[in-house]
Amino acid sequence: MDSENFKNLFNAIHDFLFILDLKGNILEVNKAVNIFLGYDNIDLKGKSVLLVHPSEYREKAAEIVGQMLAGLAEKCPLPLLSKSGKHIPVETKIYHGHWNDEQVLIGISRNMSDIALSEEKFFSVFDNSQALMAVSEIESGIFVNVNKVFLNVLGFEKSEIIGRNSKELNLFYDYKQREKLAEKSRQNSVIENEHVIVRTKDGRPLHCLFSITRIQIQTYQYLLTSAIDISSLVLSERKLKRNLEQQRLLADISQNFLSLDRFCEKIRNTLQLLGEHTGVSRVYIFQDLPDGLQTCNTFEWCKPGLKGQIEGFQMPYELVPSWKKILNENGKVFSTHIKELPADLVAALEPQGIKSILVFPLFVQNRFFGFIGFDECEHDKEWEEEEVELLRTIAGIISNSFERQTFQKQLTESEIRQKLALENTEAGLWDWNIQTGDVYYSEIWCNMLGYSHYEIEPSVKSWKELLHPDDLPSVLKTLNRHLHGKTEFYQSTHRLLTKTGDWKWVIDKGKVIEFDENGKPKRAIGTHIDISNQKAIEEELRNLNVTKDKLFSIIAHDLRGPIGTMMQISEMVTEKGGMDDETLYNFLHSQKELTENTFQLLENLLNWARFNSERIQFKPKSINLNTIIDENLTSIKFRAGQKGISLVSEFTDSYSAFADEDMVKLVIRNLLSNALKFTGRNGSIRIELEKTNHTVEVKISDTGTGISDENISKILSENVFYSTSGTANEKGSGLGLKLCRNFITQNKGKFIIESKINTGSTFTFTLPEIPVSG
């Protein structure tokens with residue numbers, strides 16, 4: 001590197017830089033020495049570097065410099081002396097180097113007063129964080145400060161929080177969780193992503209991920225706590241688990257009634273399964289007597305500790321005329337609170353201690369046969385719609401089971417099989433002759449895959465051909481284990497090929513029901529149930545978890561880094577005392593980019609979380625793109641000037657579009673910031689506007705480092721988060737460009753990235769023109 005380039009580099013650095021000959025005389029200094037120490041080049045050139053140290057430290061400075069050159073010391077902590085006589089705290093290191101082809105010594109003095117940050121700046125970021133944040137005393141847990149999100153989410157006033165601890169405020173749903181966190185904090189200085197349930201002021205539970213670290217403000221140690229609300233994710237996971245439980249319950253009950261042996265035992269087992277799944281107090285079946293005038297309780301399951309009512313319980317319908325009328329007209333008797341029901345039903349149910357009830361009719365041969373009911377005796381039960389429909393389906397299965405039992409002695413095997421095929425709309429039936437390989441597939445089984453009954457050959461070979469190749473080995477292994485008596489029944493979750501060429505997920509469950517005289521399996525019957533929708537929900541939640549993990553990673557690392565730096569600097573300011581106006585001005589100038597990057601990360605993080613939780617409202621309207629672009633160019637003009645980057649806007653006409661103004665502002669702000677980050681010194685950024693085919697095209701080009709095709713694919717991928725550092729080591733999170741693409745797509749536009757390594761990138765997006773009213 002020649003001296004001119006070296007000098008330019010020196011002058012761009014805020015540390016004090018000295019070029020010395022081997023005797024320690026000054027050959028050259030950078031502008032920081034001129035500006036902050038106040039010396040002209042004439043004052044220093046040719047003179048000993050010891051002259052810029054206070055006289056009382058010069059002898060010691062010479063000794064330490066000698067030790068550094070000999071490799072015995074790493075740095076010199078002695079202050080420098082400004083021309084005005086002021087002591088400047090520094091940390092100096094000496095290196096060997098070359099200057100104009102001569103061996104020289106290079107001295108770098110780091111200005112320790114130039115890297116401090118006031119507590120006001122820290123608390124500015126603290127207050128504007130989108131996480132719940134609090135500062136508390138380590139031992140007592142008393143809150144010293146909390147941010148706006150903490151107050152808004154939990155519903156408190158600041159005066160209710162400060163000076164009190166979490167136990168007094170009853171903030172933890174289980175205070176033992178707080179005690180465990182405190183113990184972990186004593187053992188580790190940092191705690192990350194602990195799942196904790198807190199309580200809002202009105203008592204609502206809130207699932208959060210807690211991160212805790214120790215900080216120092218002035219001379220005191222505190223705990224900095226941040227919490228991210230993950231309640232929606234927890235609810236989604238619970239819903240997924242609940243749906244899976246419902247699918248398994250349906251499959252188990254369908255399988256249970258494939259054969260009718262031990263019928264009464266199976267009915268009782270089914271009622272127990274339903275009671276434990278729903279959590280109600282009582283599940284029962286009533287069957288009408290032959291005259292149809294009264295009904296009798298024939299099967300019952302009760303929660304442990306609750307007295308049963310099955311013994312001799314008969315109910316004449318004339319005492320409750322509304323009962324059968326409501327069942328026939330509405331298809332169910334249903335009430336969260338029985339007081340809402342007709343008076344005759346309240347009079348019959350209230351003495352039994354029933355608070356909530358759900359009852360479905362049972363039909364045999366299209367004739368009212370009885371009913372299955374669910375009583376809750378402890379509280380008013382809120383039923384989810386999906387669960388009500390599941391129980392309606394199971395009531396249909398039970399009805400058909402009673403019907404099959406009625407006809408079992410009178411029908412031939414083919415007639416029985418026809419009834420089984422009509423058992424319910426949820427399950428497709430198969431009946432396999434294991435020794436011949438023939439398989440009967442019910443019409444529902446075929447229709448579930450989009451085929452007519454005659455389009456599938458009735459053989460086990462056709463079933464194997466429909467199995468997904470990746471699933472075939474494990475399915476056959478599971479089936480063979482059952483055929484060899486190693487499992488009680490066969491059950492598999494796999495994919496089958498539909499007529500349209502798509503793959504459908506099913507739960508397939510069956511059992512050998514006949515054996516030959518040698519004990520070998522002869523006949524098996526089973527069902528399969530379509531769970532494609534459930535699999536789609538599972539995949540969607542998996543993708544949400546990827547997003548969640550990325551958000552937590554950003555909060556734990558990308559956000560903690562800048563805040564940690566600010567806290568360290570705050571400590572240094574406190575230790576070194578106050579700063580004069582000139583030093584404070586220069587400090588704020590040097591820290592401006594860190595603050596801006598942190599706020600941009602917070603904004604992108606907030607918008608990404610809101611977008612993925614569908615909390616951003618889409619409000620398109622007529623917007624002026626010229627104004628938005630001009631505002632954003634003005635906001636980056638200073639930073640561009642620092643890097644010597646020229647900003648060029650090529651449009652003379654006025655351009656308007658029909659889009660969401662906040663989304664478009666974020667897109668343009670992110671793209672310009674991105675271009676500024678990856679464009680080197682003396683580069684350029686160009687913005688062009690053009691109207692094409694009822695759209696407005698915005699093109700932002702730079703002469704930056706460029707992006708490879710592989711990394712463009714990562715940027716546009718839904719589940720991959722890609723980021724890299726800018727030309728001045730500016731940090732990125734991988735969120736900005738994804739938000740740009742998602743927001744443009746939501747505004748019915750296109751988002752295109754074109755780039756070439758070491759040449760530059762062009763980001764183009766379109767927005768619809770303002771529609772013509774008609």
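The values are calculated or read from the model by the stated rules, or taken from the named source; none is laboratory data. If you're wondering where the values come from, they're calculated on a predicted model, not measured in any experiment. Here Cβ is always computed from backbone atoms with ideal geometry, including for glycine, and neighbour counts include all displayed protein chains. Remember, those area values only see protein heavy atoms, side chains included, never the ligands or the DNA or RNA. Shrake-Rupley method; radii C 1.70, N 1.55, O 1.52, S 1.80 Å.
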Residue satisfying condition, being aromatic (F, W, Y) and in contact with a Lys or Arg (Cβ under 7 Å, 6 or more places away or on another chain), within set W463, W445, W505: W505
Failed item in (1) under 28 Å from E329 (Cβ atoms); (2) at pLDDT 85 or above; (3) open to solvent by less than 30 Å² (accessible area, probe 1.4 Å), with V364 passing the rest: (2)
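Condition check: under 19 Å from V648 (Cβ atoms), at pLDDT 70 or above and crowded, with 18+ Cβ neighbours inside 10 Å. Does E697 satisfy that?
On the way: under 19 Å from V648 (Cβ atoms): yes; at pLDDT 70 or above: yes; crowded, with 18+ Cβ neighbours inside 10 Å: yes.
For E697, the condition - under 19 Å from V648 (Cβ atoms), at pLDDT 70 or above and crowded, with 18+ Cβ neighbours inside 10 Å - is met.
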E276 free of Cβ contacts under 8 Å to residues at least 12 places away in the same chain and surrounded by fewer than 16 Cβ atoms within 10 Å (Cβ to Cβ): yes
Filtered residue count, the range 63-86, keeping only those that are open to solvent by less than 50 Å² (accessible area, probe 1.4 Å) and either under 18 Å from I26 (Cβ atoms) or in a helix (DSSP H, G or I) (or both): 10
Residues of the range 745-772 that turn out to be in a strand (DSSP E or B) and under 23 Å from K677 (Cβ atoms), as a count: 12
Enumeration of residues in the range 675-694 that are open to solvent by 40 Å² or more (accessible area, probe 1.4 Å), among the basic types (K, R) and not in a strand (DSSP E or B): R681
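Among the candidates S684, S708, S654, which residue alone is polar (S, T, N, Q) and over 21 Å from T762 (Cα atoms)? First the steps, then the outcome.
On the way: S684 fails: over 21 Å from T762 (Cα atoms); S708 fails: over 21 Å from T762 (Cα atoms).
Only one candidate passes the filter, namely S654.
Right, L449: closer than 25 Å to L249 by Cα, touching a residue at least 12 places away in the same chain (Cβ under 8 Å), surrounded by 19 or more Cβ atoms within 10 Å (Cβ to Cβ) and hydrophobic (A, V, I, L, M, F, W, C) or not?
Spelling it out, L449 is indeed closer than 25 Å to L249 by Cα, touching a residue at least 12 places away in the same chain (Cβ under 8 Å), surrounded by 19 or more Cβ atoms within 10 Å (Cβ to Cβ) and hydrophobic (A, V, I, L, M, F, W, C).
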Any pair with Cβ under 6 angstrom, 6 or more apart, that starts in the range 291-315 at a residue that is closer than 14 Å to G275 by Cα and open to solvent by 50 Å² or more (accessible area, probe 1.4 Å) and ends at one that is acidic (D, E) and in a strand (DSSP E or B): none
The one condition in (1) within 24 Å of G275 (Cβ to Cβ); (2) surrounded by 14 or more Cβ atoms within 10 Å (Cβ to Cβ); (3) out of contact with any Lys or Arg (no Cβ under 9 Å at 6 or more places or on another chain) that E340 fails to fulfil: (2)
Residue list for the range 635-650, filter: over 17 Å from V667 (Cβ atoms) and either over 38 Å from the mean Cα position of the chain (by Cα) or assigned to a helix (DSSP H, G or I) (or both): K637, F638, R639, A640, G641, Q642, G644, S646, V648, E650
Of the criteria (1) acidic (D, E); (2) open to solvent by 60 Å² or more (accessible area, probe 1.4 Å); (3) at pLDDT below 90, which one D114 fails: (2)
Within the range 467-477, tally of residues that are more than 32 Å from the chain's Cα centre (by Cα), surrounded by 16 or more Cβ atoms within 10 Å (Cβ to Cβ) and not in a strand (DSSP E or B): 1
Which numbered condition W383 misses (of (1) assigned to a helix (DSSP H, G or I); (2) of a type outside the set (K, R); (3) modelled with pLDDT under 85; (4) within 27 Å of R242 (Cβ to Cβ)): (1)
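When you go through R248, R214, R242 one by one, which is the residue that is open to solvent by 50 Å² or more (accessible area, probe 1.4 Å) and out of contact with any helix residue (DSSP H, G or I) (no Cβ under 9 Å at 6 or more places or on another chain)?
Values: R214 fails: out of contact with any helix residue (DSSP H, G or I) (no Cβ under 9 Å at 6 or more places or on another chain); R242 fails: out of contact with any helix residue (DSSP H, G or I) (no Cβ under 9 Å at 6 or more places or on another chain).
Among R248, R214, R242, only R248 is open to solvent by 50 Å² or more (accessible area, probe 1.4 Å) and out of contact with any helix residue (DSSP H, G or I) (no Cβ under 9 Å at 6 or more places or on another chain).
Name the single residue that is farthest from W445 (Cα to Cα) among those in the range 492-531 being polar (S, T, N, Q) and open to solvent by less than 30 Å² (accessible area, probe 1.4 Å). It would help to see each step written out before you state the result.
Kept after step one, since they are polar (S, T, N, Q), are these residues of the range 492-531: 492-493, 498, 500, 518, 527.
If we keep only those that are open to solvent by less than 30 Å² (accessible area, probe 1.4 Å) too, we end up with 492, 498, 527.
Values: S492: 16, T498: 11, T527: 8 Å.
Selected residue: S492.
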Output for the range 282-292, where each listed residue is in contact with a Ser or Thr (Cβ under 9 Å, 6 or more places away or on another chain) and in a loop (DSSP other than H, G, I, E, B): L289
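Per-residue answers, yes or no, for (1) among the aliphatic types (A, V, I, L, M); (2) closer than 17 Å to V90 by Cα; (3) open to solvent by 20 Å² or more (accessible area, probe 1.4 Å); (4) within 58 Å of the chain's Cα centre (by Cα):
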residue	(1), (2), (3), (4)
F16	no, yes, no, yes
L27	yes, no, yes, yes
N30	no, yes, no, yes
D40	no, no, yes, yes
S48	no, no, yes, no
R58	no, yes, yes, no
Any chance A659 is touching a strand residue (DSSP E or B) at 6+ places or on another chain (Cβ under 7 Å), modelled with pLDDT under 90 and surrounded by 19 or more Cβ atoms within 10 Å (Cβ to Cβ): no
Failed condition for G644, given (1) at pLDDT 85 or above; (2) at positive phi; (3) open to solvent by 70 Å² or more (accessible area, probe 1.4 Å): (3)
Residue match in the range 230-247 (condition: in contact with a strand residue (DSSP E or B) (Cβ under 9 Å, 6 or more places away or on another chain), closer than 22 Å to N152 by Cβ and not in a helix (DSSP H, G or I)): yes
